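Below is one structure, written out as structure tokens; the observations come after it.
The values are calculated or read from the model by the stated rules, or taken from the named source; none is laboratory data. Given the structure is predicted, the values throughout are model-derived calculations rather than measurements. Counting neighbours? That spans all protein chains shown, and the Cβs are built from the backbone with ideal geometry, glycine included.
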Amino acid sequence: MLFIVGMTRGGNTWLGKIFDAHPDVLYRHEPDSILKTKTVPAFCGDQDVEHYLPAAKTYFDAVFRVRTSKAIGTFPVLPKSYHSFSQHQLKRAMVVGAKGFEKLGFLSSFFRDLPLPEMTGRVRVHHVVKSIAALGRMNLFSRLYPEARIILLLRHPGGQVASALKAIASDKIDGQPPATEDWGIYQDLAETEQGRRHGLTLASFKESDPVERLAWRWAISNDKALEDLDGQKNVRVVRYEDLCIPRSPSAGPFLPLPGWIGIRLSRGLFSAPRQLMRPTPMIASSAIPQKPPPPGGASWIRNRPL
């Protein structure tokens, strides 16, 4: 299993779809944001790991079986080696139908939670899971799944905060409290070892500017994950900005990971046209989005310097 973890608005979805482009990959998109739990803390202290391991095992095992349209049907729905042409078309139809009925409000909760068939048969597939909810639980995850490969994706806090503010302004937060006012999360952050180290409290968060609040959320969440995963050989820390640098086909793999993750990725992936990619023997996609290089550094620098 390959587990991609990072902050929301951090480029994780894009990276996840890059791996989803491989024909042998079964990709799950944020299943732990779909199947939530109160039996495992969002930020587990090292002193509590042994206590929560059984509950975490039950929870993560259930998470990795989530099969809703959001989890296994992110667009574009890509062809797979373990699907026949008719199976691929059937999956596309089911995903479009489930998402469409949910959006129209016709039995929306039923179609939102409806499990869709994976249709993998007995073929061996590479499991790739992307999460924006597991940063505070990496000490539990790494204990439970020592053979899993983990990519911790870090985006510059300025870019992540600017993107989060844009999402809040455009109401792209799925009906949840805005990240600047999710006081339950800020209480959890203040109670972490990293939060106490900086003297943070819920009161101090409430007195802070919203931008400062989001910056602290970025810092504490990533600090905890980095400390929980420190020294582990199955972990790679990747900077989002490094992935946005244009590469020529002769530049080699975009990440030093192919042998490490157990699947081979096209070295020409990031030299494709900006909007669309043509199929290659290793990339089963005709519509993988290409990230353009940040103009003049990054737009957030001009719009909101931090």
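Assorted remarks:
- Residue among 131, 170 that is over 25 Å from residue 191 (Cα atoms) and of a type in the set (Gly, Ala, Ser): 170
- Within the range 100-141, considering residues that are of a type in the set (Lys, Arg) and modelled with pLDDT of 95 or more, the one farthest from the chain's Cα centre (by Cα): 137
- Test result for residue 58, assigned to a loop (DSSP other than H, G, I, E, B), within 24 Å of residue 184 (Cα to Cα), without any contact (Cβ under 8 Å) to a residue 60 or more places away in the chain and not charged (D, E, K, R): no
- Restricted to the range 202-232, and to residues there that are of a type in the set (Ser, Thr, Tyr) and surrounded by fewer than 19 Cβ atoms within 10 Å (Cβ to Cβ), the residue that is nearest to residue 156 (Cα to Cα) is 208.
- Any chance residue 169 is of a type in the set (A, V, I, L, M, F, W, C) and over 20 Å from the mean Cα position of the chain (by Cα): yes
- A single member of 199, 158 is buried (at least 18 other Cβ atoms within 10 Å of the Cβ) and not acidic (Asp, Glu), and it is 158.
- Per the conditions (1) in contact with a helix residue (DSSP H, G or I) (Cβ under 9 Å, 6 or more places away or on another chain); (2) in a loop (DSSP other than H, G, I, E, B), the sole criterion not satisfied by residue 137 is (2).
- Single condition residue 43 does not satisfy, out of (1) part of a loop (DSSP other than H, G, I, E, B); (2) at pLDDT below 95: (2)
- Residue check for residue 52: at pLDDT 95 or above, touching a Cys at 6+ places or on another chain (Cβ under 8 Å), within 27 Å of residue 222 (Cβ to Cβ) and hydroxyl-bearing (Ser, Thr, Tyr): yes
- Yes/no for residue 83 being under 16 Å from residue 21 (Cβ atoms) and either among the β-branched types (Val, Ile, Thr) or surrounded by fewer than 19 Cβ atoms within 10 Å (Cβ to Cβ) (or both): no
- Pairs where the first residue, in the range 185-197, is in contact (Cβ under 8 Å) with a residue 60 or more places away in the chain and under 17 Å from residue 225 (Cβ atoms) and the second is of a type in the set (Val, Ile, Thr) and in a helix (DSSP H, G or I), C-beta under 8 Å, 6+ apart: 189/220; 192/220
- The set of residues from the range 132-155 being surrounded by fewer than 17 Cβ atoms within 10 Å (Cβ to Cβ) and of a type in the set (D, E, K, R) comprises 143, 147.
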